[in-house]
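Worksheet for the structure shown next.
The values are calculated or read from the model by the stated rules, or taken from the named source; none is laboratory data. Here the structure is a predicted model, which is why all the values come from computation and not from measurement. So basically every Cβ, Gly included, is an ideal-geometry build from the backbone, and we count neighbours across all protein chains shown. Each accessible area value is taken on the protein alone, full model and side chains, heavy atoms only, with ligands, DNA and RNA left out. Shrake-Rupley method; radii C 1.70, N 1.55, O 1.52, S 1.80 Å.
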Amino acid sequence: MKKPVNKAYSLLSVLLVFAMTLAACGTSNGDGEPNASTPAESDKPSATVSGEESVTLKFWTWHPSADLYKPVIEKFEETNPGIKVELTVMESKDFQTKMPMALSTQEDLDVVGVQTGAMPKQIQADLLPLEELLSEARPDWQSVINENSVAQAKSQADSLKFLPMASVGSMVMYYNKDILNELGLPAPQTYAELKDVSDKLRETKSDKLSVAVGGKDAWILDELVWTIAGQQSDLFNQWRYNGKKLDGPEFTQAVASFQKIFVDGIISKDDVLDMDYTSSRTAFTSGQAAFFIQGTWEANLLLESFRKSNQVDVGDVGVLPIPAIEANGKPSIRSFIDLGIGIPAHSKHPKEAMQLIDFLVFGEGNDMLASTFAFSTNKTGFAPDASLLTTPTAQQSYKTLTDLLSFPTADRNNNSPFSDVAGQQLQKLLISSQTPEETAKAIEKEFQTGKYPNE
């Protein structure tokens, strides 16, 4: 069986604006300025294309947003005058369908995003091995990327078929500091404190939601249950890599703890089961919810500049792990590499494609995107500009995110097709008399059909 990769991240710095499904659907420009740290390519001459004709690279991805990519692509074209980039950014689920189909039919593509999980093995035959091209473009490439992220990328395919731009984790809890201040309560560190906030909010501000979460999107509930399971053990890794069953006591307890959040009134099923990703995010960014449960890819909400430029009606935003629901639990998240980027085997311009990948993974392009908190970079030596984090809440929250991503309980190496199926059973738990035990058994029974293998 495939073993989980050790998680000793040296990692990370900044994070996200997402994309609605697994790691992915930014909404707007983060207004971040390029980081003042020296980009990794500073000692290299600007790359140019041999010959007189300009090359146009066709690049498909799902995240970050086109708005965030725009200045990055412009900078690349400026420093590589013989290369133009034609960028297409899709919604995540569309990308999961259309990009593999385009590779299989040898559509004219030169660079593609790669979602970790099931996708790499699905498309690996249609991607070029990268190590030879990498060594030609940047002989020292292994010294400027987190070693563990490369090992994780290799574990996803038969060789190094893509490079990960980032790592992401889920789920965390963003909070509206303004609402907490009005209630006279601190950011909750324990489950009891979280319930106190919810109870007091209901008593004094009945028009405000306690927690916004996209319960209409089944995969989000699945992510939430695995976050809760991670408060107890690395059960996800045991299931994902070693065949542990989901109808045992550990997963059943995680489902019961998930149900408890709703029974205790911290999350209202009547509200959130009608909310998808977008509407739950809108509830929080419009100041109508005290908390918002999502992944680290939403961390650009910590930036005052992002909030102002995107009409986020919250003065100060922080982030916390979801408090441990059971007394013996420990708050934690799952994390894994994300935002892979590779070269189709039929690309007409593989060397120029590698120049773009070099810029986005090791170079100034990576610094520019990381400085918008578009993701948590795998590039070594990056540090965010301290001026980006303008409040004590944001500064502490950045440290919290870094610690959570550096020391996860388990991999966020999702089995994406099965995530939706499991989430549907969790929705059923909330709207019917189905018990946690019956829910866990139903999820395991569906997995045993063999339609969603952990490959």
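Quick check on this structure: which one of 174, 191 is in contact with a Gly (Cβ under 9 Å, 6 or more places away or on another chain) and crowded, with 23+ Cβ neighbours inside 10 Å?
Values: 191 fails: crowded, with 23+ Cβ neighbours inside 10 Å.
174 is the lone residue from the list that is in contact with a Gly (Cβ under 9 Å, 6 or more places away or on another chain) and crowded, with 23+ Cβ neighbours inside 10 Å.
Out of 54, 28, I need the residue that is modelled with pLDDT under 95, surrounded by fewer than 18 Cβ atoms within 10 Å (Cβ to Cβ) and within 17 Å of the chain's Cα centre (by Cα). Which one? Walk me through how you get there before you give the answer.
Working: 54 fails: within 17 Å of the chain's Cα centre (by Cα).
That would be 28, the only listed residue that is modelled with pLDDT under 95, surrounded by fewer than 18 Cβ atoms within 10 Å (Cβ to Cβ) and within 17 Å of the chain's Cα centre (by Cα).
Pick from the range 125-154 the residues that are open to solvent by 30 Å² or more (accessible area, probe 1.4 Å) and among the hydroxyl-bearing types (Ser, Thr, Tyr): which of them is nearest to residue 105 (Cα to Cα)?
The selected residue is 135.
Could you check, for the range 237-246, whether at least one of its residues is of a type in the set (D, E, K, R), part of a loop (DSSP other than H, G, I, E, B), touching a residue at least 12 places away in the same chain (Cβ under 8 Å) and open to solvent by 40 Å² or more (accessible area, probe 1.4 Å)? It would help to see each step written out before you state the result.
Taking the range 237-246 as the starting set, the residues that turn out to be of a type in the set (D, E, K, R) are 240, 244-245.
Right, trim to part of a loop (DSSP other than H, G, I, E, B) and you get 244-245.
Those still in the list that are touching a residue at least 12 places away in the same chain (Cβ under 8 Å) too: 245.
Cutting the leftovers down to open to solvent by 40 Å² or more (accessible area, probe 1.4 Å) gives us 245.
Yes, some residue in the range 237-246 is of a type in the set (D, E, K, R), part of a loop (DSSP other than H, G, I, E, B), touching a residue at least 12 places away in the same chain (Cβ under 8 Å) and open to solvent by 40 Å² or more (accessible area, probe 1.4 Å).
Kindly indicate which of 74, 78, 136 is part of a helix (DSSP H, G or I), out of contact with any Leu (no Cβ under 7 Å at 6 or more places or on another chain) and under 21 Å from residue 373 (Cα atoms). Explain how you work it out, then say what you get.
Values: 78 fails: under 21 Å from residue 373 (Cα atoms); 136 fails: under 21 Å from residue 373 (Cα atoms).
Criteria check complete, one pass: 74.
Any idea which of 262, 258 is open to solvent by 10 Å² or more (accessible area, probe 1.4 Å) and touching a helix residue (DSSP H, G or I) at 6+ places or on another chain (Cβ under 7 Å)? Working first, answer last.
Working: 258 fails: open to solvent by 10 Å² or more (accessible area, probe 1.4 Å).
So the residue among 262, 258 that is open to solvent by 10 Å² or more (accessible area, probe 1.4 Å) and touching a helix residue (DSSP H, G or I) at 6+ places or on another chain (Cβ under 7 Å) is 262.
How many residues, within the range 384-406, are in a helix (DSSP H, G or I) and in contact (Cβ under 8 Å) with a residue 40 or more places away in the chain?
The initial filter retains those residues of the range 384-406 that are in a helix (DSSP H, G or I), namely 386-388, 392-406.
Remaining after also requiring in contact (Cβ under 8 Å) with a residue 40 or more places away in the chain: 388, 393-394, 396-398, 400-402, 404-406.
Within the range 384-406, residues that are in a helix (DSSP H, G or I) and in contact (Cβ under 8 Å) with a residue 40 or more places away in the chain number 12.
I'd like to check something: does the range 374-383 contain any residue that is in a helix (DSSP H, G or I) and not basic (Lys, Arg)?
no
Is one or more of the residues making up the range 260-268 in contact with a Phe, Trp or Tyr (Cβ under 6 Å, 6 or more places away or on another chain) and either of a type in the set (Ser, Thr, Tyr) or assigned to a helix (DSSP H, G or I) (or both)?
Pass one, the range 260-268, residues in contact with a Phe, Trp or Tyr (Cβ under 6 Å, 6 or more places away or on another chain): none.
No, that holds for no residue.
Looking at the range 202-249 only, could you name the residues that are polar (S, T, N, Q) and more than 19 Å from residue 290 (Cα to Cα)? Give the steps one after another, and end with the answer.
The initial filter retains those residues of the range 202-249 that are polar (S, T, N, Q), namely 204, 206, 210, 227, 231-233, 237-238, 242.
Correct list: 227, 231, 232, 233, 237, 238, 242.
Has the range 102-115 got any residue that is closer than 12 Å to residue 344 by Cα, under 25 Å from the mean Cα position of the chain (by Cα), without any contact (Cβ under 8 Å) to a residue 60 or more places away in the chain and open to solvent by less than 10 Å² (accessible area, probe 1.4 Å)? Break it down into steps so the answer makes sense when it comes.
First, pick out the residues of the range 102-115 that are closer than 12 Å to residue 344 by Cα: 102-114.
Retained after the next criterion (residues that are under 25 Å from the mean Cα position of the chain (by Cα)): 102-103, 109-114.
With the extra rule that they be without any contact (Cβ under 8 Å) to a residue 60 or more places away in the chain, the set shrinks to 102.
Within this subset, residues satisfying the condition of being open to solvent by less than 10 Å² (accessible area, probe 1.4 Å) are 102.
For the range 102-115, residues closer than 12 Å to residue 344 by Cα, under 25 Å from the mean Cα position of the chain (by Cα), without any contact (Cβ under 8 Å) to a residue 60 or more places away in the chain and open to solvent by less than 10 Å² (accessible area, probe 1.4 Å): present.
Taking residue 433 as the residue in question, decide whether it is of a type in the set (Gly, Ala, Ser), open to solvent by 10 Å² or more (accessible area, probe 1.4 Å) and part of a helix (DSSP H, G or I). First the steps, then the outcome.
Values: of a type in the set (Gly, Ala, Ser): yes; open to solvent by 10 Å² or more (accessible area, probe 1.4 Å): yes; part of a helix (DSSP H, G or I): no.
Spelling it out, it is not the case that residue 433 is of a type in the set (Gly, Ala, Ser), open to solvent by 10 Å² or more (accessible area, probe 1.4 Å) and part of a helix (DSSP H, G or I).
List the helices (runs of 4 or more DSSP H) inside the range 271-373, counting only whole elements, that have at least 2 residues being open to solvent by less than 10 Å² (accessible area, probe 1.4 Å) and touching a residue at least 24 places away in the same chain (Cβ under 8 Å).
On the way: elements: 277-285, 304-309, 350-361, 364-370.
Helices (runs of 4 or more DSSP H) meeting the threshold: 277-285, 350-361, 364-370.
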